[in-house]
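The values are calculated or read from the model by the stated rules, or taken from the named source; none is laboratory data. Predicted model, so just to flag it, every value in this text is computed and none were measured. With ideal geometry, Cβ positions are generated from the backbone for all residues, glycine too; neighbour counts draw on all protein chains shown. Note: areas computed on protein heavy atoms with side chains; ligands, DNA, RNA excluded. Shrake-Rupley method; radii C 1.70, N 1.55, O 1.52, S 1.80 Å.
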Amino acid sequence: MLHKRLLGGATLLSALGTANAQNDSAVGSGPNAAGPTWNHEDFTTSPPVYPSPNATGIGWEEAFQQASDFVNQLTLEEKAYLVTGTPGPCVGNIAPIPRLGFQGLCLQDGPLAIRQANYASVFPAGVTVAASWDRKLAKQRGIEMGSEFRGKGAEIALGPVAGPLGRSAYGGRNWEGFSPDPYLTGILFADTIEGMQSAGVQACAKHYIGNEQETQRNPSVNDQGTTIEALSSNIDDRTMHELYLWPFQDGVKAGVASFMCSYQRINGSYGCQNSKTLNGILKDELGFQGYVMSDWMATHSGAPAIEAGLDMDMPGGLQFTEASSEHSFFGGNITAAVNNGSLSIDRVDDMCRRVMTPYFYLGQSNYPPIDGSEYAENFWSENDAVYDFELGPSNVDVRDDHAKLIRELGAAGTVLLKNTNKALPLQTPKNIGVFGNDAGDLLNGLYFSALSTGGQGFEYGVLTSGGGSGTGRLSYVVPPLDAIKTRAAQQGNDALVQYVLNNSAITESGGYSAIFPAPPDVCLVFLKTWAAEGADRESLLVDWNGTAVVETIAASCPNTVVVTNSGGINVLPFADHPNVTAILAAHYPGQEAGNSIVDILWGDVNPSGKLPYTITYEESDYAFADITNSTELQNTNDPNAWQSDFEERLLIDYRHFDYFNESVRYEFGFGLSYTGFSMGDVSVQRVGGGALTASPPSNSIVPGGNPALWDVLYSVSVTISNTGDVEGAAVPQLYLGLPQPSAEDVSPVKALRGFEKIMLAPGESQTVSFELNRRDISYWDIYTQEWMIGSGDINVFAGFSSRDIIATSSFCPLSGDSGSDSSNSTRTYGGWDSGKDHGDHNGSWQWGSKEGKHPHAPPSKTV
């Protein structure tokens, strides 16, 4: 039954269905509609794409030949279990084949640490990496994480994450990924993959695709015994390519070894047996040469899922801890299906070659053994294992000197949102007050891997990461309070550090009165917001009544500095309080949390983080892409009731707020510094010669798609100067406004297409060049099924955030069109209306006025 859903008629994932639906639609209206009226029925089926393309080893030719030679020696049963998980020491395991010297495969979580391990590091989360806007640190994090996975004997690291992208601000796993902007995510995603695989570990791009909420991500059974199917993420073709697929395409181009398909359905078909997304897009259009594994228990059939493009079933059994030798969709069913003719042996051979090619490419036939302590940490015991896995010494310490990078990256991913009257950096405060339940040490252990059922997580202790399979086991943590005490002692002025860490005592029991003398020279308030796999966030406010904590402290302390540890967006009602002089968004910084934030507070590190998302004024501002949930859905008897229509299309995060010209508190790309920067005029230059065509030249597909998409066509340059009196890192940002295609959904007013972090001494200047490839200046055409360069001018916006645009220009790639080519450069000091002044834009680090309107007005809401 599930497989038959693949065989529905034309949909918006097929060009014809999209064209017809859009031509016949009226113009939409309301907070979700910026184009044609959404017709839900157009998105209820996903077109069948068969057969599953065979890998040819493009880019991995030598390894592919080794894999082919290996597979040719396997029996049918060995082939079946090479693609089927089995109980073992790791989170996921592929059985060894001793007669061929194959030690098996060890798959381990996750995106910020090797979770199931001791003596391992907990790195900053993906959202922190995104907030750093630092490619070098992102790649180095990948290298160091990869070395830890390798040192523990794990061939496959289950990360990084580009799904969820972050469609909804409430997404419970947004922190595992990077940013709701596909370009920013794609760059850092690819850098992480390259770093991890350079250490000899296979990276796994997950969760593919449309996995944008936790609620009803899996099927459930209601009180009447009816199976209620998982949520269906219903996505149109253009949005799929330009938003959710974009970073995964970068991952394929970077040579990622494997993909993990997602739990939920996509246009009616489960992610791990959706032939359009697996066969049609990933393996055919993008030329992916590796293998697709299921998320754990995301396989819903055997031969149908295999034919649809699934290559590996995890964890293998029909039940989570069941041995695949007992009951499995794969395993023995593959053997039976081949023998009875319902599954081609050629398809099985392709699955096996796909699994083994990255293994040989990364030289994993000579690999460290699995840490001997793994069974003690796993949900399987050694008695559950059907096969003998080679175990090495126990408790191998793989941390090396990685704390240095963790501390640096934690600081780099901290965003200074407000800094009135130069409250920061601190000088030598004599009386320091520390408040809030996020400031102290952990009281309930160093490991929070349980899936979330909602709520606020643990009450006491600094929040270094989110929860669930994407977390890590801390070997230690540096709480902010400890780091503050250490730093205060170094001042040499016998500074007093006083603290109240009980939020309820502060808000309900007059806890501030315990501070004497009062008020302190500075009151440091530490707040946190929990997020974890298994549940979506219920609020965008800080947890544990943190807003009231700030208001209580600020009522008595005229120099209140707020620090948040959060997995993403928080609305900040206290931001306008006159006694809140500074706000720092420190995200999930990993094990060196306290040191990272103290480095910023005292100015040992100049803050350079920028928001990888938008902070508005009210929670309701994010209703345009809400979590699909309701009391009616929770009590439904309709198996197909859970439908999430992505009717906002391309307009998520800043793209939405820009298009509707809505005020925001802190825009995408925003972040203050302890110095100031200026930007010169923007220059646009054509790279190469010859007239460009709207469609890319025809080529054989390679990993990443048509290689012409990656041809650099333009270079955009700006000069940045440090106008302040201290060294600091600037992040110049490039946005493009592409022409609106005819008869298409609306295009964003502007979209990020370049960034670079540069360190500048006082008075120093540096010219930064952004390369634009063909995909960067194209849109996905639903009629031709190609990336097409639109007719007309492309607007260029250079600045220090999405709304702090300093210089503009335009160019026209297609000959014969009206417009200019790198000759229309202007400077502007206005931006989109961002509402209230930040208050902290005054002084030497004022980027520009926030009062003007963007010179490029929103397009008419018609197509």
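See the values below:
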| quantity | calculated |
| --- | --- |
| Residue, surrounded by the fewest Cβ atoms within 10 Å (Cβ to Cβ), within region 369-412, restricted to residues that are among the charged types (D, E, K, R) and assigned to a helix (DSSP H, G or I) | Lys404 |
| Number of the exception - Tyr783 against (1) at pLDDT below 95; (2) open to solvent by less than 10 Å² (accessible area, probe 1.4 Å); (3) of a type in the set (Phe, Trp, Tyr) | (2) |
| Hits in region 516-529 - residues which are open to solvent by 20 Å² or more (accessible area, probe 1.4 Å) and in contact with a strand residue (DSSP E or B) (Cβ under 7 Å, 6 or more places away or on another chain) | Pro517, Asp521 |
| Residue satisfying all of: in region 353-368; assigned to a helix (DSSP H, G or I) and aromatic (Phe, Trp, Tyr); most open to solvent (accessible area, probe 1.4 Å) among these | Tyr361 |
| Conditions (1) open to solvent by 10 Å² or more (accessible area, probe 1.4 Å); (2) farther than 24 Å from Tyr263 by Cβ; (3) within 15 Å of the chain's Cα centre (by Cα); number of the one not met by Leu184 | (1) |
| Residue match in region 493-500 (condition: more than 14 Å from Val598 (Cα to Cα), open to solvent by 50 Å² or more (accessible area, probe 1.4 Å) and not in a loop (DSSP other than H, G, I, E, B)) | yes |
| Test: Ile281 is open to solvent by 30 Å² or more (accessible area, probe 1.4 Å) and among the hydrophobic types (A, V, I, L, M, F, W, C) | no |
| Selection within region 757-780 - over 26 Å from Asn706 (Cα atoms), open to solvent by 10 Å² or more (accessible area, probe 1.4 Å) and either assigned to a strand (DSSP E or B) or not aliphatic (A, V, I, L, M) (or both) | Lys757, Met759, Pro762, Gly763, Glu764, Ser765, Gln766, Thr767 |
| Lone unmet requirement of (1) assigned to a loop (DSSP other than H, G, I, E, B); (2) of a type outside the set (Phe, Trp, Tyr); (3) within 28 Å of Val83 (Cβ to Cβ) for Val122 | (3) |
| Which numbered condition Gly317 fails, given (1) within 29 Å of Gln249 (Cα to Cα); (2) of a type in the set (Gly, Ala, Ser); (3) within 30 Å of the chain's Cα centre (by Cα) | (1) |
| Enumeration of residues in region 542-555 that are open to solvent by 40 Å² or more (accessible area, probe 1.4 Å) and either in contact with a helix residue (DSSP H, G or I) (Cβ under 6 Å, 6 or more places away or on another chain) or not in a loop (DSSP other than H, G, I, E, B) (or both) | Trp544, Asn545, Glu551, Thr552 |
| Criterion: open to solvent by less than 10 Å² (accessible area, probe 1.4 Å), touching a Gly at 6+ places or on another chain (Cβ under 7 Å), over 19 Å from Asp653 (Cβ atoms) and among the basic types (Lys, Arg) - qualifying residue of Lys206, Lys152, Lys139 | Lys206 |
| Boolean, Gly433 is touching a Cys at 6+ places or on another chain (Cβ under 8 Å) and not β-branched (Val, Ile, Thr) | yes |
| Checking Thr564 against (1) within 22 Å of Asp599 (Cα to Cα); (2) open to solvent by 20 Å² or more (accessible area, probe 1.4 Å); (3) touching a Lys or Arg at 6+ places or on another chain (Cβ under 8 Å), the condition it does not meet | (2) |
| Boolean, Leu137 is modelled with pLDDT of 95 or more and in a loop (DSSP other than H, G, I, E, B) | no |
| Count of region 421-449 residues which are open to solvent by 30 Å² or more (accessible area, probe 1.4 Å) and of a type outside the set (Phe, Trp, Tyr) | 12 |
| Among (1) in a loop (DSSP other than H, G, I, E, B); (2) over 30 Å from Asp401 (Cβ atoms); (3) hydroxyl-bearing (Ser, Thr, Tyr), the one test that Ser449 misses | (2) |
| So Leu343, is it in the same structural domain as Gln249 (by the TED database) and either open to solvent by less than 10 Å² (accessible area, probe 1.4 Å) or of a type in the set (Lys, Arg) (or both) | yes |
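Residue by residue, here is whether (1) farther than 30 Å from Leu362 by Cβ; (2) of a type outside the set (A, V, I, L, M); (3) touching a Lys or Arg at 6+ places or on another chain (Cβ under 6 Å) holds:
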site: Leu165; (1), (2), (3): no, no, no
site: Gln197; (1), (2), (3): no, yes, no
site: Gly200; (1), (2), (3): no, yes, yes
site: Cys204; (1), (2), (3): no, yes, no
site: Gly210; (1), (2), (3): no, yes, no
site: Gly225; (1), (2), (3): yes, yes, no
site: Ile228; (1), (2), (3): yes, no, no
